[in-house]
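Below is one structure, written out as structure tokens, with a few remarks after it.
The values are calculated or read from the model by the stated rules, or taken from the named source; none is laboratory data. Since the model is a prediction, treat every value here as computed from it, not as a measurement. Every residue, glycine among them, receives a Cβ derived from its backbone with ideal geometry; neighbour counts consider all protein chains shown. What goes into the accessible areas is simple: the full protein's heavy atoms, side chains included, and nothing from ligands, DNA or RNA. Shrake-Rupley method; radii C 1.70, N 1.55, O 1.52, S 1.80 Å.
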Amino acid sequence: MLALFTVTVFLGSFLLFLVQPLIARQLLPVLGGTPAVWITCMMFFQAALLGGYLYAHESTRRLGVRRQPLVHLAVLGAPLLLLPPAVDAAWNPPVEGTPIWWLLGALTVMIGGPFFALSAGAPLLQRWFSATDHPRAKDPYFLYVASNAGSMLALFAYPVVVEPLFTLAQQSVGWSAGYVGLTALTVGCAIATRRRSRPDEPAREADARPAADGATFAGTSGRQALRWVLLAFIPSAWMLAVTTYITADLASVPLFWVIPLALYLLSFILVFARRPWLPHRWMKRIFPPSALLLVLLLATESAQPVIVVVSMHLLAFFIACMACHGELVATRPPAGQLTLFYLMMSVGGALGGVFNALIAPLLFAGLYEYPIIVVLGVAAVGPVLPPPARVLARSAWMSAGRDVLTGLAVAVAVWGLIVVADAVQLPRGPARSWVIVGLPIMACYLFANRPLRFGLALGAVMAVTTFDVASHGKAVEYERSFFGVHTIHRTILEIDEDEGGGLRPFNELYHGTTLHGRQEIDPDTNEPVSPRRPRSYYSVAGPAGQVFRAMAELKPEARIGIVGLGTGGLAAHAESGQHITFFEIDPAVKRLAENTRYFTYLREARNRGAAIEIVMGDARRTLARSPEAHFDLLVIDAFSSDSIPIHLITREAIELYRSRLKPDGVLLLHISSRHFDLEPVVERAARSLGLACLTREDLVDQLKGPQQPARLSSTWMALAAEPDDLSFLRSRRFGWAWSTPRSEPGRVWTDDYSNVLGALGW
């Protein structure tokens, strides 16, 4: 019987986590792969998990363990009629505004029923098992280890095994078969529960015995339930915040979200084990110093060396998970109240998703939710050592008042250090950071045994030092949307010798760590200048500049489509008489590109007589509504994080682009990426469609000086119906650098199949 319950719990959690990337992959052609899509999906799954846990608690409380299995089998069987999960081709997200509510509705229709039924499985099966006469039934929490082990296996199995070997249709059918198998196993568990239920089971709801040695429980008061919610909220929100922070501000790494989620699940496995490998008291002792180190990194905006900094963020996150989840285990109730315990945990997890996906983007222009959650985590975990008697003798209000006054005193002290540093003209660097941030943080450790005071002191340090960093930093504008945080940076770059050389100031548009364009500015007025020299990936001498120069000469009145607006830099190549249509999904990017305080490419192109149009919405859907055989040149320059979104380079996508080009039209794809090697991927798709294909890698030498060059290396591919349509790219007139792309064996990427790991440039 124990094996039956363990396998059923394991399989249920495996399916629960396997369906999440599967559904996200199906939605990719609709919304792309931005962190916000992942966070919104996580919020939905956490909310559905909450619904499942609420159903598990209430149905067990009202019906008892003998009758509840009959209801659950009906709940589990009903979604069989909705399988396999798939995206309806008629679904279209809103063109303007946030698509969050559309995405939540689509997820509800696609997978809401099966996910709800699966979510209730782990707490229900543990509660059923606790009602049997098995020797280990008094403490069924060990089954939660099997639950999280199944989740972790699914987390790694999808990118490593499932996605490379199976199409989306096969994945959906296979997952549905697994759901049918789980239903059969659950029937077996229900039968075992009825046959081997304890005769004293009804009396055990009020059982107040500890759940395990060392666990303390004095009744489920409202205060205790709220603390469970808080301790579950912090790791959930922290996981989403650290994922967004690292991928946006430190390193745009593909599939990075797997690592924080794996650490989150691993902490559950470790703390719920019968013999914990990492004792809770150890985690509580090292949590304060790890939080101090993290605050130092955040307050000083440390980013190098990237591997070390990212590792320190993840280590601090894992220790926080162990501390918070360890507190949950230390206060878990007896088995009779197991479903209430898991319900409160689920409430906290769901609130973490709501906070990061809905509330934070509305309240904050930057990723300020991350330091806020860190401070909350420090304040929520109990003291390292028992507080002295004089502290216990004080009233709660008196202690809280002193903690608040201490936080204010720390803020005043840090502000004073900033004033002194400015008075002595201490330059920004390690010395200034040590004085303004390092010394106060070291002093904060004196409060490590007073969690609220410790948290408020750290919060004061981060809040005050934010003003110092902002007043001396390079960011001059922030804009946050559903698709991420965009920043305008002002920086000094070195220009090419053929343009006169020397150092020039520039405005740059970043989405996280990915540059989307730059424009030179006047050093005296900060007004944008040189609107015909876009630089970065789009310089006149680069591949894009070469193609646009040829178009201007060969087809003076060409119709050009460009997927991805950025700063509007490609409009710098537009000539009078040309018609350029930009396709952009993010309203924030449109606002920034049209803000002439920073970029004037679009305005100046219109002034030269070029017709510039901006169409909002997902490129594939908006292009599908445009006329066939309409464009002479179609440029795919859209980026999600570090590379072009998968759904824009599949066989079906390229087939769509080709249908919108004139018979002799050219398709130009920007495939630059720090992590992916996409040249063979595009070559296979082009070959499968019988298209001619050329590639050009524009390598820019790094200059010897301390400044980065204004022009950046980039890789582009050009596709056309016939080789003659690309012959101008190999002519002396327009350059010699284009060549035949590499051809490697492998499956063609389609809307139904892709292999992200296989495309990584190891």
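Quick notes
- Whole-number accessible area per residue in Å² for the chain, which is evaluated in the context of all protein chains at 1.4 Å: 40 Å²
- Along the axis of the charge dipole computed for the chain (Cβ charges of +1 for Lys and Arg, -1 for Asp and Glu, origin at the Cα centre), the listed residues 147, 436, 273 are led at the positive end by 273.
- Per-residue SASA remark: residue 297, around 20 Å² accessible (1.4 Å probe; ligands, DNA and RNA not included).
- For the listed peptides 517-523, 232-238, 724-730, a ranking on the average number of other beta carbons within 10 Å per residue, highest first, reads 232-238, 517-523, 724-730.
- Across the range 156-167, rounded Karplus estimates of 3J(HN,Hα) from the backbone phi angles (6.51 cos²θ - 1.76 cosθ + 1.60, θ = phi - 60°) give 8, 5, 5, x, 8, 10, 5, 5, x, 9, 10, 6 Hz, Gly and Pro being marked x.
- Calculated P(r) over Cα pairs in 20 Å bins from 0, in percent (choose from [x] 14, 39, 30, 13, 4, 0; [y] 15, 43, 31, 10, 0; [z] 16, 48, 31, 5, 0), label: [y]
- The phi-based Karplus calculation (6.51 cos²θ - 1.76 cosθ + 1.60; θ = phi - 60°) puts the 3J(HN,Hα) values of the range 656-673 at 5, 4, 4, 5, 8, 9, 5, x, 9, x, 10, 9, 10, 10, 8, 10, 4, 6 Hz, whole numbers, x for Gly and Pro.
- For the pair residue 226 and residue 733, label points projected 7 Å from Cα toward Cβ lie 7.7 nm apart.
- Carbon plus sulfur fraction of accessible area for the chain, probe 1.4 Å, in percent: 63 percent
- Take each peptide in 745-756, 504-515, 683-694, count the other Cβ atoms within 10 Å of every residue, and average; sorted highest first, the result is 504-515, 683-694, 745-756.
- Ranked from largest to smallest solvent-accessible area, with a 1.4 Å probe on the protein heavy atoms, 744, 477 come out as 744, 477.
- Residues of the range 555-576 with amide N under 11 Å of the 7 Å Cα→Cβ point at residue 664: 555
- Part-to-part distance (alpha-carbon centres) for the range 116-163 and the range 521-600, which is given in Å: 54 Å
- Close amide H partners of residue 582, meaning residues 5 or more places away or on another chain with modelled amide H under 5 Å apart, are 562, 613, 614, 615.
- Over every Cα atom in the range 543-759, the radius of gyration and the widest Cα-Cα span, Dmax, amount to 16.9, 49 Å.
- Solvent exposure ordering (accessible area, 1.4 Å, most first) of 163, 594, 557: 557, 594, 163
- Annotation: extensible slack from residue 744 through residue 187 equals 195.7 nm (criterion: 0.36 nm per residue apart, minus Cα-Cα distance).
- Using C-alpha pairs below 8 Å separated by at least 6 residues, the relative contact order for the chain is 13 percent.
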